[in-house]
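Each remark here refers to the structure printed beneath this line.
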Amino acid sequence: QVTVPKIGEKKKLLELVEKNIEHAFLKNELKVKELQAALDLPDPPEVIECFDISHLSGTSMVGSMVQFRGGAPDKKNYRRFRIKTIGGIDDVASIAEIVKRRYHRLVEENTDLPDLIIIDGGKGQLSAALDMVESLDLVIPVIAIAKREEDVYMPGEMLPRQLDPKGMALRYIQEIRDEAHRFAIAYHRLLRGKKMTGDPPRSGRTR
């Protein structure tokens, strides 16, 4: 039985839920608009994809990609990658590999592309990713965020873009980067566990 309370505590509870939903929606919408302004993007970055690399002393190198849509994680579109062409420790080359694989696949499948690409890394990783995007004749904004200093690098700018450390735009970038890092670490641990037990890794969302 479905009831719709008109008065009393249950009515107040429903109103509180409505306010919380509205607040969450408006906050996500504001994050997208703040990021657009901070990066001087022509359009709101509604769909953002972020890449990260994880390895242990150069072994079992893996990559991750997370997607945020409308300011929130879209977990059904997360992807993970086993590095196929790179030997040893080379985060820059590994980023280039997975970025090219991701967007070559989307082009072949005629699938919608993201509005913004974020790379976990510095100038080297940014340049590698941008080269791969351009090699596919795609025009997608690409930025990178470096750990520790939390510097945000953009193509054509020698110095990192100065974003307000307490502002919503930088925090949104960090939120996305942290989720990509978490997803990469989780996949790396999965592969290590499978290797120790001798079990073959499941395909899952590996690309």
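Each of Pro160, Val62, Leu30 was scored by the projection of its Cα onto the charge dipole of segment 24-172, and the greatest displacement toward the positive side belongs to Val62; charges sit on the C-beta of Lys, Arg, Asp and Glu.
When the surface is traced with a 1.4 Å probe over the full set of protein chains, Lys27 keeps roughly 100 Å² accessible.
Return the subset of Lys27/Lys100; Lys31/Lys84; Lys100/Lys166; Lys27/Lys84; Lys33/Lys84; Lys75/Lys166 for which the Cα-Cα distance in this structure is over 29 Å, preserving the input order. Listed pairs above 29 Å: Lys27/Lys100; Lys31/Lys84; Lys100/Lys166; Lys27/Lys84; Lys33/Lys84. Straightening the chain between Lys123 and Arg189 buys 21.0 nm, computed as 0.36 nm per residue apart minus the Cα-Cα spacing.
Shape analysis of segment 120-162 places it in the prolate category; the axes a ≥ b ≥ c from the Cα gyration tensor give an a/c of at least 1.5, with a/b above b/c. Label positions at Asp131 and Asp151, each projected 7 Å from the Cα along the C-beta direction, are separated by 2.0 nm. Per residue, segment 26-185 exposes an accessible area of 49 Å² to a 1.4 Å probe, with every protein chain left in place.
The values are calculated or read from the model by the stated rules, or taken from the named source; none is laboratory data. Nothing here was measured: the structure is a model prediction, and the numbers come from that model. Cβ coordinates were reconstructed from backbone atoms using ideal geometry, including for glycine residues, and neighbour counts include every protein chain displayed. With ligands, DNA and RNA removed, areas are computed over all heavy atoms of the protein, side chains included. Shrake-Rupley method; radii C 1.70, N 1.55, O 1.52, S 1.80 Å.
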